[in-house]
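Some notes on the structure that comes next.
The values are calculated or read from the model by the stated rules, or taken from the named source; none is laboratory data. It should be emphasised that the depicted structure is a prediction, and the values quoted were computed from it without experimental measurement. When we count neighbours, we look across all protein chains shown, and the Cβ atoms used for this are built from the backbone with ideal geometry, even at glycine.
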Amino acid sequence: MKHLVVPIHLDEEKELMTIAVVNPWDVEALETVRRVAGMKVQPVISTKGDILKIIREFHGFRTSVKAAERTMADRINFSSLEQYTDVNVRYTDKHIVNAVNLFFNYAFEQRASDIHIEPKHSYSQIRLRIDGILHNIHRMSRTVNAAVCSRIKMLARMDISEKRKPQDGRIKTRFQGRDVELRVSTMPVAYDEKIVIRILDRGSLVQDIKHVGFTPEEEELYLSFISKSNGIILITGPTGSGKTTTLYSTLDKLSSEEINIMTIEDPIEMIHEDINQIAVRQNVGLTFGTALRNIVRQDPDVIMVGEIRDHETVENAIHAALTGHLVLSTLHTNDAPSAIARLVDMGAEPFLVESTLIAVLAQRLVRLICDVCGEEYTPTDNDLAPVGITTADLNGKPLRRGVGCSKCRNTGYYGRSAIFEIMPVSHAIRELIHRSAGSQDIQAQAIKEGMHTLWQSGVKKLISGQTTIEEVVRVTGTHHVEKK
């Protein structure tokens, strides 16, 4: 505690350790770290409060793990499966309890969306997904791994003795005065059991529509869609693209005493007091399709279907829209125009799709530049080539990038925002759907009518100084519609 120094990033290839310090000119501290670590050191400035918080939480976790390792070291024989699984009875050990509690708090503090505990040959790797990217956090010895996993399974009300098949469970807890729910999934893998914990924080899942990522023009357009009394609105994108957040934020915006909102989810991501939520239960025959077929008798005004997966669901969604309900749902397609072909592939009649579909939104999440270490710079045409623009498109305006600091874990990014491809279903697009036109024709017409592609939306956020060239390329790729 003498120098208040915390390592935050390690580049093994360059043999470079980045450390957070209060005083980057403390030569004695830098030299001490350099000597102990045996590698070069790069300091970044942090506050005393932030450093102490990391020391309390993460290093408290490591201390508890080390203490557990010492108490269990002589109780485990890896050559004996029976003796190895005996560790399960140790999940109530005070050090294990402390380690799990401290690590959860550390994950919450770091704004992690997922926790991965991955068994290897001789250790267990813990990783956190922060702003969509996984970061190695800690290596935990096999000695204590089984006890930590059993503690988590116990909290999630799982069978701690079952390691041969996948299990799902939930943990409800509180952090800084707000409810947080953890969705726990276990999977048997080569060296033991892998655990992934999805952190469901209401503050992240339910946001004001203004904070989801829409531009003012996009927000106005989207609000016009959701103000309609009937029809279908689809949100598309891969897993982890923010679709659930957009849906929950939309339902929160629509929620009032005057309407009945009902959802069908698998599973329910977050309980909302003002919404009637139904969990899919395949084992008793309660699927998306069957729930949707019966939900219309519950007098709903707005229906949210977690995902349209099959013919039965799309057929019942169309029926609900035709009978005067606003239906919101998701699809897994790469862009907005492809959603129409996907519906038809699932058996929807084109004339029914064109008569009920209001709009399709494709979305992705881009990381935002850290507001502490972000700085301006002037890019070259070569720098801009991957995103398909030139310096002339910037009109002399500089771009921004993060150089790395303790707040952003030396990544240069802090937080995420959505980019959108919004396709209203106009009269001309309805005609194309009716004629079973292909996705490329529909896309061309949508662009002609003013639709911005995901690439164009990413470039907008780049030029406005919110994200970087690398992030736009990572999320949207280098293939895009050529500029006219």
Unique residue being under 30 Å from Arg198 (Cα atoms) and of a type in the set (Val, Ile, Thr) when the list is Thr323, Thr287, Thr356:
Thr287
Among the residues of segment 405-453, write down those that are in a strand (DSSP E or B) and either more than 26 Å from the chain's Cα centre (by Cα) or not aromatic (Phe, Trp, Tyr) (or both).
Gly415, Arg416, Ser417, Ala418, Ile419, Glu421, Ile422, Met423, Pro424
Checking Lys153 against (1) under 30 Å from Ile259 (Cα atoms); (2) surrounded by 20 or more Cβ atoms within 10 Å (Cβ to Cβ); (3) touching a Gly at 6+ places or on another chain (Cβ under 9 Å), only one condition comes out false. Which one?
(1)
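Listed here are the residues, each with its yes/no results for (1) outside the structural domain of Tyr222 (by the TED database); (2) among the small types (Gly, Ala, Ser); (3) in contact with a helix residue (DSSP H, G or I) (Cβ under 7 Å, 6 or more places away or on another chain).
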site: His319; (1), (2), (3): no, no, no
site: Ala341; (1), (2), (3): no, yes, yes
site: Glu354; (1), (2), (3): no, no, yes
site: Arg364; (1), (2), (3): no, no, yes
Within segment 202-222, identify whether any single residue is surrounded by 18 or more Cβ atoms within 10 Å (Cβ to Cβ) and more than 20 Å from Tyr248 (Cα to Cα), and answer yes or no.
no
Give segment 321-355 a look and list any residue that's assigned to a helix (DSSP H, G or I), within 14 Å of Ile442 (Cβ to Cβ) and hydroxyl-bearing (Ser, Thr, Tyr), or say none.
Ser338
Can we say Ala279 is of a type in the set (A, V, I, L, M, F, W, C), surrounded by 13 or more Cβ atoms within 10 Å (Cβ to Cβ) and over 25 Å from the mean Cα position of the chain (by Cα)?
no
Pick from segment 118-143, criterion aliphatic (A, V, I, L, M) and touching a His at 6+ places or on another chain (Cβ under 8 Å), ranking: nearest to Glu181 (Cα to Cα):
Leu128
Going through segment 125-136 one residue at a time, which ones are out of contact with any Gly (no Cβ under 7 Å at 6 or more places or on another chain) and either touching a residue at least 60 places away in the same chain (Cβ under 8 Å) or not in a strand (DSSP E or B) (or both)?
Ile130, Ile133, His135
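Conditions (1) of a type outside the set (Gly, Ala, Ser); (2) at pLDDT 95 or above; (3) within 27 Å of the chain's Cα centre (by Cα), marked per residue:
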| site | (1), (2), (3) |
| --- | --- |
| Thr244 | yes, no, yes |
| Ile259 | yes, yes, no |
| Met270 | yes, no, yes |
| Thr290 | yes, no, no |
| Pro300 | yes, yes, no |
| Ala321 | no, yes, no |
| Val353 | yes, yes, no |
| Val360 | yes, yes, yes |
In contact with a strand residue (DSSP E or B) (Cβ under 9 Å, 6 or more places away or on another chain), modelled with pLDDT under 90, buried (at least 22 other Cβ atoms within 10 Å of the Cβ) and not polar (S, T, N, Q): does that describe Ala107?
no
Looking at (1) in a loop (DSSP other than H, G, I, E, B); (2) closer than 30 Å to Ile259 by Cβ; (3) β-branched (Val, Ile, Thr), which one does Ile160 not meet, given that it meets all the others?
(2)
All but one of (1) of a type outside the set (D, E, K, R); (2) in contact (Cβ under 8 Å) with a residue 40 or more places away in the chain; (3) in contact with a Lys or Arg (Cβ under 9 Å, 6 or more places away or on another chain) hold for Val327, so report the exception by its number.
(3)
Residue list for segment 353-373, filter: buried (at least 19 other Cβ atoms within 10 Å of the Cβ) and without any contact (Cβ under 8 Å) to a residue 60 or more places away in the chain
Cys370
